1. Can we say Ile165 is in contact with a Phe, Trp or Tyr (Cβ under 8 Å, 6 or more places away or on another chain), modelled with pLDDT of 90 or more and within 30 Å of Val68 (Cα to Cα)?
2. Counting only residues that are at pLDDT 75 or above and hydrophobic (A, V, I, L, M, F, W, C), which one in the stretch 48-74 is least open to solvent (accessible area, probe 1.4 Å)?
3. If you scan the stretch 153-212, which residues turn out to be surrounded by fewer than 20 Cβ atoms within 10 Å (Cβ to Cβ), part of a helix (DSSP H, G or I) and of a type in the set (Ser, Thr, Tyr)?
4. Among the residues of the stretch 175-189, which ones are over 12 Å from the mean Cα position of the chain (by Cα) and either closer than 13 Å to Leu163 by Cα or small (Gly, Ala, Ser) (or both)?
Amino acid sequence: RHRSSQAVLGPYSIPAAAALVLAAVESAAALTTAVLPQRYLNRLAEWLQEGMQSFRMPIHHGNCRDGVFLLSLAVASYVVIGFRFHQLNAAPRDDQLDYLNKAAEIRRMGGLTELARQLCNGSYEVSELDAGNRPPLYTALLSLRPDFATAKCFSLALGIFTLGIFSWGAIRRFGWTIGGVAAVLLATNSVFQQSAGIVAGEMLLVLWTLLA
């Protein structure tokens, strides 16, 4: 059993006690399901289905005017906050510097064409800059112009493109109102903005995830 150095309920912390209660409830539910006759299980399923009907509210798709206003607000918020993060990131360091150094290395060896050739024929030599979880496509794209200012603008552009793809998908699925609100929430999210304001491959990974 799990004991915590910061005990609250006897020898257990609140998370440990909650986990024990949840495990007990799940065990009781599994045992009840195993011993109840089928007719009672059918009644229970019908009761749960009727109870869930009250939560199935129709989606209000809104109108185009509201959606355009929310999307404009999302883009404006992204640009204002994004440029602020862009300015605060004044100098490359740590992982950002490794991205730029790797991009410069690719450019020195011949750029994207030479990189693709070496990867295809198996002659590419792994360096220390290849360590970690750096997406190779991101560094390959950075090699077109591996300077800090351009790399930050590239991340910012990936962010606005990601915001656009996300908004389009949300509006298509849930309507103008929900899609617009979701776009505003994403555009003002601090983690999303930080990823778009640094030289790193996270924003490209998010974009690929949405496209997939």
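1. Judged against the criteria, Ile165 is not a match.
2. Ala74
3. Of everything in the stretch 153-212, those that are surrounded by fewer than 20 Cβ atoms within 10 Å (Cβ to Cβ), part of a helix (DSSP H, G or I) and of a type in the set (Ser, Thr, Tyr) turn out to be Thr177, Ser190, Thr209.
4. Result: Gly175, Gly179, Gly180, Val181, Ala182, Ala183, Val184, Leu185, Ala187, Thr188.
Residues checked against (1) of a type in the set (Gly, Ala, Ser); (2) surrounded by 10 or more Cβ atoms within 10 Å (Cβ to Cβ); (3) modelled with pLDDT of 75 or more:
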position	(1), (2), (3)
His2	no, yes, no
Ser5	yes, no, no
Pro11	no, yes, no
Ala16	yes, yes, no
Glu26	no, yes, yes
Ala29	yes, yes, yes
Leu36	no, yes, no
Asn42	no, yes, yes
Glu46	no, yes, yes
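The values are calculated or read from the model by the stated rules, or taken from the named source; none is laboratory data. Computed from a predicted structure; not experimentally measured. When we count neighbours, we look across all protein chains shown, and the Cβ atoms used for this are built from the backbone with ideal geometry, even at glycine. To get the accessible areas, we keep the full protein, side chains included, count just its heavy atoms, and leave off ligands, DNA and RNA. Shrake-Rupley method; radii C 1.70, N 1.55, O 1.52, S 1.80 Å.
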